[in-house]
Amino acid sequence: MKEARIIKVAGPLVVAEGCLGAKMYDMVRVSQDRLIGEIIELKRDLASIQVYEETAGIGPNDPVYLTGEPLSCELGPGLIGSVYDGIQRPLDILRLKYGDFVVKGINLPALDRQKTWYFKPKVSRNELVEEGDILGEVEETALVTHRVLVPLGIKGRVLEIYEGEFKIDDTVAKIESEGKVLEINMSRKWPVRKGRPVKERLSPNEPLVTGQRVIDTLFPIAKGGSGCIPGPFGSGKTVFLHEVAKWSNADIIVYCACGERGNEVADLLLTLPELKDPSTGRPLLERTVVIANTSNMPVAAREASVYTAITIAEYFRDMGYAVALMADSTSRWAEALREISGRLQEMPGEEGYPAYLSTRIAQFYERAGKVVCLGKEKRLGSLTVMGAVSPPGGDLSCPVVQATLRVVKVFWSLDDRLASARHFPAINWLLSYSLYHQNLKEFIKKHISEEFLSLKKELMRILEEEAELLEIARLVGIESLSLQERLLLETAKSIREDFLHQNAFHPIDTYSSLRKQYLMLKSLLMLHKVASQLLDKGFSLKEVLELPIREKIFRLKYIPEDRLEEFKDLEEELEKLL
Amino acid sequence: MREYLTISHISGPLVIVEKVSEVKYAELVEVEFLDGRIRRGSVLEVDKDKALVQIYEGTSGLDIPASKVRFLGRTQTLGLSREIIGRVFDGQGNPRDGGPQIIPELRLDIHGFPINPQARDYPCEFIQTGISAIDGMNPLVRGQKLPLFSGAGLPHARITAQIVRQARVLGSQEGFAVVLGAMGITFEEADFFISDFNRTGAIEKLVAFINLADEPAIERISIPRLALTCAEYLAFNLEMHVLVILIDMSLYCESLREVSSARKEIPGRRGYPGYMYTDLATIYERAGRIKGKAGSITLIPVLSMPEDDKTHPIPDLTGYITEGQIMVSRELHRKGIYPPIDVLPSLSRLKDKGIGIGKTRQDHADLLNQLYACYAKGKEARELAIILGEAALSDLDRIYLEFSERFEQEFVNQAENEERSIQQTLDIGWNLLRMIPRRELKRISEEFIKKYLKEADR
């Protein structure tokens, strides 16, 4: 380590001299307290350092220790179920050792060094392996098999491989690579700002089923896709991301609470162990990693938290899993960028954000994707990224929203008016979009029904027509509409209240499978067709609206997943009406 | 102690001191004026041998050649002991009630430390405020931070005082200790609070930190931190339940802007500094509960929205941090309704785990949703009636219109000293629902309709 000294302190930004030889984004330790920091600007021998902890009590002449290494994540068995802060310090251990408040100058390894894991080899001695091949497996939790891969840059013959209980730093295999014998253990390190390499990138073509009807039916996201959810406060961004974290059919969930409320994190940590995975009955926490850097925790660590999260997510993707990352909220991350940039006295771009804001956002979302992982067996993995955006006053022209919309393929627009009428999820169906409909067509045809595709179109048509008709009704009164048009308004209302509206707190309604969504939609639209034909036959609107079967249709959402055959009876009943 | 005579620049509340050594960031500073007065401040930035110091009580009367600056080698702390209960302090933590100085048992850094998210206990105990618009529609729970969004000329002070008087947790004997942080309010307002608390006996459990409108604005920056440090001591050291009132956060933010502009920082929206979100979060997030500790901090910040605009940066950023908001409405105030709380844009994010069986009553959640839906429809009908005339309304619309009027008059409206139990509040709600056709009550389960709609009939 070289001798470097602080000359300036301004909030989370520290400038040190005597840093010749330091590299950009190297990690450093600041002052006797050894606070963690990262170099973000170099000027001759001066280095600007963003410090990930509170800097009160630090001043000129305090030492700075260069480590020569970039800010990195520790990766290996033990990640699942952990709760980390923005720079991957385990918050549960922090609490055990240092009490209920996050004090500063703490240096803790991210993974437990003492815990042993049962390592089961997947290759045998003398086998030839290359980077990305599966060396062996560890049952990390009942839901996740942790695949230990051959580290990057290694290609050669397995000399030794052991089975049994090991700590993560113990040698589990010896590989001869380029004439050297390398000892391989189960822990890896990776610099957070650099994407992990893959063999090939593919176009996403499978849906990430979230169980939320408005998403899966109208604005689906693909495994390996990216989406954003902007909205003003109180519109339900966090509840929405929580729901997706709980119910989506990804193998691994990485949830990054970036600059948000502490109580929301507490809520997530409280409910995840209680919620059970539908197929195995195990707690959902056993497939989840949480990164929690709440709004009152240091701002620079908030900037790093999204990178920590996405690096962990990529690590699991490389094992061949479908990983979903939720970042709540990317606006807070952008604000952290702005704060640091301001302290560096950089020339600001729009609204004080640095000019490189959109590049950073694009780089972040580009780390999503469906990929062929490294390794001989060509495993498929995917990383889906969903980010909440909190624009000031709900104004979508904010630079963070605009920069995000340029890169993501799905836009879920949250609507304040829907939220205050307690319509949740408050996703505006006229403004939102998904560019994955095409990609997912084949999947829907194969696994659900081709009819679902045309039903979706019909649904959108009704909703759009409703908006037009309401406009007319507002101008000239509802009497000016024809009977068929008024029926359409009723159907649209029922679609909104009985299909799009979903109660996250109701045990059955909180999740709908794709099949149930299809059946619900089918019945709803069938009712519309039947009603419309009855009108043509001369029935009055009142008679049609008071059909007793409508009551049943209103309660479709409460049909449990294991009694989907009830839809069949309903369809028959509807057919009889004609 | 290091003392310097090297002030080189004074601008607004900021002072630059040169040729200093061993100065630390955020260190506490004492400035001695020519006439012997002593003012305090803290280091905002230190660059080689130059320190930028913010003086808390303002810089009027400060001169360059003769004023002395001392660096105290520690950050700003607050001395605490059991004796602080019942006392009134200023923005420096000095008594302003004429009483003696506190002999501290311990001193805590006023900036505190963030609560480890893993240590947080989820707030779930219902607080009965006796105000139907809050208890019935947007219930408050222990450990929540729920701001009052108000405007100039609205009775937010009276509502706050009523909450302080009436707040209690059902089935629990212990009341709340109250910490009041008053920033830039007028003498009359401060007097209203103190005398109201005096009259009702709340003063015995009150600690107040007060900075009046004519006192240095810069002092307001410390007030919320002093109040919350005191609250943390009461809640987590003495295991009390603490209700913290911060009034008026808008004036706090303005002081923040003043410092920021004096530092010539690049401004964010409307001239407020870009780090205001982080700054407010370090205040609001100090509310909460901690696993294994009996005490709790419930925070009610009050802010006046400039021009009643909730997209203004102050309410906007606050709303992004706090767990909901209570909206005080000018429209209802003009109609003569007290408390003029508009329930539709109000929200309590933590209500779901704080209501129901064993907490309030099993029908609470359903009833609340139904009242929301009906009131929203009634307001829609009212708008329609304004545009097209009442004749254009359908029969159902007319029912809803009448419902919304009655809802405001009977449910929201109550007397300033009226303390309604949660049962009374819910029963008023059921009574109102009787006018709505039964088939329209889509959000309430059949079971509750049978049980409670009948009861209301009696």
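Values in this text are rule-based calculations from the coordinates and carry no lab data. Note that this is a predicted model, so its numbers are computed, not measured. Please note: Cβ atoms are built from the backbone with ideal geometry, for glycine as well, and neighbour counts cover all protein chains shown.
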(message) Checking the cross-link filter: which aspartates and glutamates have an alpha carbon closer than 13 Å to that of B:Lys442, excluding same-chain neighbours under 8 positions apart?
(response) A:Glu497, A:Asp498, A:Glu551, B:Asp366
(request) Could you work out how far the C-alpha centroid of the stretch B:314-378 sits from that of the stretch A:1-75, in angstrom? (result) 48
(request) Within the set of other residues whose C-beta is less than 13 Å from the C-beta of A:Glu140, count the net charge using Lys and Arg as +1 and Asp and Glu as -1. (result) 0
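Provide the net charge surrounding A:Ile154, with neighbours chosen by a C-beta distance below 9 Å and charges set as Lys +1, Arg +1, Asp -1, Glu -1. Don't jump to the answer; show the numbers that get you there.
Details: positive: A:Lys155; negative: A:Glu130, A:Glu131, A:Glu178.
Spelling it out: positives minus negatives among the neighbours equals -2.
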(message) Cut-off under 24 Å on the C-alpha distance; same-chain residues fewer than 8 positions from A:Lys370 excluded. Which lysines are left, in chain and number order?
(response) A:Lys189, A:Lys194, A:Lys199, A:Lys223, A:Lys246, A:Lys378, A:Lys409, A:Lys441, A:Lys445, A:Lys446
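Any idea what the dipole of the protein assembly as shown comes to, in debye rounded to 20, about its Cα centre with Lys/Arg Cβ at +1 and Asp/Glu Cβ at -1? Write out the running numbers ahead of the final one.
Values: 134 positive and 149 negative charges, 354 e Å.
With only Lys, Arg, Asp and Glu charged at Cβ, the dipole is about 1700 debye.
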(message) In the stretch B:2-74, if the dipole is taken from +1 on Lys/Arg beta carbons and -1 on Asp/Glu beta carbons about the Cα centre, which of B:Thr59, B:Val31, B:His9 is farthest to the positive end?
(response) B:Val31
(message) Considering the Cα positions of the stretch A:112-186, please state its Rg to one decimal place and its Dmax as a whole number of Å.
(response) 11.9, 39
(message) Taking just the alpha carbons, could you work out the radius of gyration and Dmax for chain B, both in angstroms?
(response) 24.8, 82
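Name the shape class, rounded, prolate or oblate, that the alpha-carbon gyration tensor gives for the stretch B:364-457, where a ≥ b ≥ c are the square roots of its eigenvalues, rounded holds for a/c under 1.5, and otherwise prolate holds if a/b is larger than b/c and oblate otherwise. Intermediate values should be presented prior to the final figure.
Working: a/c = 2.48, a/b = 1.36, b/c = 1.82.
Judged from the Cα gyration tensor, the stretch B:364-457 comes out oblate (a/c at least 1.5, b/c at or above a/b).
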(message) Under the rule of at least 5 residues apart or a separate chain, name every residue whose amide H is placed under 5 Å from the amide H of A:Lys8.
(response) A:Val15, B:Lys48
(request) Divide by every residue of chain A the summed helix terms, -39500 (n - 2.57) for each DSSP H run of at least 4, and state the resulting mean residue ellipticity at 222 nm, rounded to the nearest 500 deg cm²/dmol. (result) -10000 deg cm²/dmol
(request) Considering the options A:Ser523, A:Leu541, B:Phe411, tell which one lies farthest towards the positive end of the dipole of the protein assembly as shown, charges being +1 on Lys and Arg and -1 on Asp and Glu at the Cβ, about the Cα centre. (result) A:Ser523
(request) Grab the other residues whose beta carbon is less than 13 angstrom from that of B:Val164, score K and R as +1, D and E as -1, and report the net. (result) +1
(request) Place a +1 charge on the Cβ of each Lys and Arg in chain A and a -1 charge on the Cβ of each Asp and Glu, then give the dipole magnitude about the Cα centre in debye, rounded to the nearest 20. (result) 1000
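Can I get the semi-axes of chain A's equivalent ellipsoid? Compute them from the C-alpha gyration tensor as square roots of 5 times the eigenvalues, in angstrom, largest first.
Details: eigenvalues 477, 177, 74 Å².
Output for chain A: semi-axes of 49, 30, 19 Å.
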(request) Straight distance only, please: which lysines reach the Cα of B:Lys19 with their own Cα at less than 30 Å, same-chain residues fewer than 8 apart left out? (result) A:Lys2, A:Lys8, A:Lys43, A:Lys104, B:Lys48, B:Lys50, B:Lys68, B:Lys264
(message) Quick query: amide H of B:Val244 versus all other amide H atoms, modeled in the peptide plane; which residues come in under 5 Å with a sequence gap of 5 or more or a different chain?
(response) B:Val179, B:Thr298, B:Leu299, B:Ile300
(request) Compute the Kirkwood hydrodynamic radius of the stretch A:1-108, taking the inverse of the mean of 1/r over all pairs of distinct Cα atoms, and give it in Å to one decimal. (result) 14.5
(request) Sort all Cα-Cα distances of the stretch B:2-74 into consecutive 10 angstrom bins from zero, then give the percent of pairs in each bin up to the one containing the longest distance. (result) 23, 63, 13, 0
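Using unit Cβ charges (K, R positive; D, E negative) and no other charged atoms, how large, in debye to the nearest 20, is the dipole of the stretch B:78-353 about its Cα centre?
Details: 30 positive and 33 negative charges, 126 e Å.
Charge dipole of the stretch B:78-353: 600 debye, to the nearest 20.
Convert 10 °C to kelvin, take the viscosity as 1.306 mPa s, use the Kirkwood radius over C-alpha pairs of the protein assembly as shown as Rh, and evaluate the Stokes-Einstein diffusion coefficient in µm²/s, rounded to a whole number. Present the calculation step by step, with values, prior to reporting the outcome.
Working: Rh = 31.0 Å.
D = 51 µm²/s.
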(request) Compute the long axis of helix A:483-494 from its Cα atoms, compare it with the longest principal axis of the Cα atoms of chain A, and write down the angle in degrees, 0 to 90, nearest 10. (result) 30
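Kindly identify the stretch B:233-352 as rounded, prolate or oblate by the Cα gyration tensor criterion: order the square roots of the eigenvalues as a ≥ b ≥ c, call it rounded if a/c is under 1.5, otherwise compare a/b with b/c, prolate if a/b is larger, else oblate.
Details: a/c = 2.17, a/b = 1.10, b/c = 1.98.
Oblate shape, in that a/c is at least 1.5 and b/c is the bigger or equal ratio.
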(request) Read phi for every residue in the stretch B:16-28 and hand back ³J(HN,Hα) as whole Hz from Karplus 6.51 cos²θ - 1.76 cosθ + 1.60, θ = phi - 60°, with x for Gly and Pro. (result) 9, 10, 9, 6, 9, 9, 6, 8, 10, 4, 6, 5, 7
(request) Report, to the nearest 10°, how far helix A:262-271 tilts away from the longest principal axis of the Cα atoms in chain A, using its own Cα long axis and a range of 0 to 90°. (result) 70
(request) Considering the options B:Phe187, B:Ala152, B:Gly171, tell which one lies farthest towards the positive end of the dipole of the stretch B:140-192, charges being +1 on Lys and Arg and -1 on Asp and Glu at the Cβ, about the Cα centre. (result) B:Gly171
